[in-house]
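Chemist: Here you go, one structure.
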Amino acid sequence: MKEHIYTIPVIDAFNDKGECPFCNMYKKLEEESVDYILGPAYMTDTIRLETDKTGFCKHHIKQMYKNQNRLGVALMLHTHLKKINSDLETESQSFTAQKAKRAFFKKNAETNNNISSYLNNITNSCYVCNRITETFERYIDTFFYMWENKPEIKDYIKNSKGFCLEHFSLLLEKGEKELSKSNYTEFCGIILPLEKENLKRLEDEIEWFINKFDYKYKDEPWKTSKDALPRAIEKIISTIIEEEENV
Ligand SMILES: [Zn+2]
Ligand SMILES: [Zn+2]
């Protein structure tokens, strides 16, 4: 099984601590992918053909825009727009033809309009998302490979703070497919109590965070609640928010 070459990034993500090791993996992959696309990659013909076709999602286009390489973003968007304009020309011709046909037959015939289908496809695809997903799936496979072949992963899991909701759900689903019946039972027996315990911990941390806004608790210590809000956000929506310096 070749998945073991990914064991290092999986272990690194558990060592990075935080509310979800899989969010750590995702964030690292995202940073690497944005750097990659704004590095020499966008000058490569095969990659440009791909980015011209898929484009980028809202989130990643913003990340790329914030990067220093504005010329790189402009070059990519230029050929992406060129492709859209050329495709739209073709799509609009068949749209007009379909429209004429519809008007001839039935007033409210149910057909998908091809321009919207084409545009929905483009607005829902992203080169960076695709690149992340491909490697992220390998990480998930590696994680389950480790569960069955490298028992030390169990200690990493037990010492973690559980997972965000999305990745916890993904582990339950994927685990059922990837693990043997007895391994899956053991797996659930560890991650389910761990997740419940950590969600309860966060609930308490947020409660203390709220209490700190009450003058009665003004002089009490923050305990572990100072950065509880970004951590709770990560747990719930799988997005790592950089810790604020001053609360
Ligand atoms: Zn996560
Ligand atoms: Zn994306």
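No value in this document is a laboratory result; all are computed from the given coordinates. Model, not experiment: these values are computed from the prediction. We place every Cβ from the backbone using ideal geometry, glycine too, and count neighbours over all the protein chains shown.
Chemist: Of Ser116, Thr90, Pro221, which is farthest on the positive side of the dipole of the chain, counting Cα position, with +1 on Lys and Arg Cβ, -1 on Asp and Glu Cβ, and the Cα centre as origin?
Modeler: Value computed over the given set: Thr90.
Chemist: Under the rule of -39500 (n - 2.57) per DSSP H run of 4 or more residues, summed and divided by the residues of the chain, what mean residue ellipticity at 222 nm is obtained, to the nearest 500 deg cm²/dmol?
Modeler: Roughly -23500 deg cm²/dmol at 222 nm, from the helical runs in the chain.
Chemist: Fewest first, what order do Val73, Val128 take by the number of other Cβ atoms within 10 Å?
Modeler: Final ranking by Cβ density, sparse to dense: Val73, Val128.
Chemist: Something else: Could you list which residues have their amide H under 5 Å from that of Thr239, counting only those 5 or more apart in sequence or on another chain, with H placed in the peptide plane?
Modeler: Glu234
Chemist: While we're on this one: May I ask you to evaluate 6.51 cos²θ - 1.76 cosθ + 1.60, the Karplus curve with θ = phi - 60°, for each residue of region 74-89 and list the ³J(HN,Hα) values in order in whole Hz, giving x for glycine and proline?
Modeler: 4, 4, 5, 5, 4, 6, 5, 5, 4, 5, 4, 4, 6, 4, 5, 4
Chemist: Rounded, prolate or oblate, given the Cα gyration tensor of region 151-206, with a/c below 1.5 counting as rounded?
Modeler: The shape class here is prolate.
Chemist: Which values, in whole Å and largest first, are the semi-axes of the equivalent ellipsoid of region 21-135 obtained as the square root of 5 times each eigenvalue of the Cα gyration tensor?
Modeler: For region 21-135, the ellipsoid semi-axes come out as 35, 17, 10 Å.
Chemist: Moving to a separate point now. Based on the mean of other beta carbon atoms within 10 Å per residue, what is the order of 183-193, 162-172, 33-43, most packed first?
Modeler: In decreasing order of mean packing, 183-193, 162-172, 33-43 become 162-172, 33-43, 183-193.
Chemist: Which Rg and Dmax, in Å, describe the Cα atoms of region 1-49?
Modeler: When restricted to Cα atoms, region 1-49 yields Rg and Dmax of 14.0, 39 Å.
Chemist: Another question, if that's okay. Would you calculate the separation in nanometres between label points at Lys62 and Lys99, each defined as 7 Å from the Cα along the Cα-to-beta-carbon direction?
Modeler: 3.4 nm
Chemist: Another question, then. Output the lone cysteines of the chain: those with no second cysteine's C-beta under 4.7 Å from their C-beta.
Modeler: Singleton cysteines: Cys188.
Chemist: Distance between the C-alpha centers of region 206-230 and region 13-91? Whole Å please.
Modeler: Cα centroid to Cα centroid, the span is 39 Å.
Chemist: Additional query: About its Cα centre, how strong a charge dipole does the chain have in debye, to the nearest 20, once Lys and Arg get +1 and Asp and Glu get -1 at the Cβ?
Modeler: For the chain, the charge dipole is close to 1100 debye.
Chemist: Going Cα to Cα from Lys174, which lysines come in below 23 Å? Please leave out same-chain ones fewer than 8 positions away.
Modeler: Lys2, Lys17, Lys27, Lys28, Lys150, Lys154, Lys158, Lys161, Lys196, Lys235
Chemist: Something else now. Based on the Kirkwood radius over alpha-carbon pairs, what is the Stokes-Einstein translational diffusion coefficient of the chain at 4 °C with 1.567 mPa s viscosity, in µm²/s?
Modeler: 60 µm²/s
Chemist: Could you list Trp208, Trp222 so that the one with the fewest beta carbons within 10 Å of its beta carbon is first and the one with the most is last?
Modeler: Trp222, Trp208
Chemist: Only Cα pairs within less than 10 Å get springs; with that Gaussian network setup on the chain, which residue of Glu205, Glu173, Glu32 has the largest fluctuation?
Modeler: Greatest mean-square fluctuation among the candidates belongs to Glu173.
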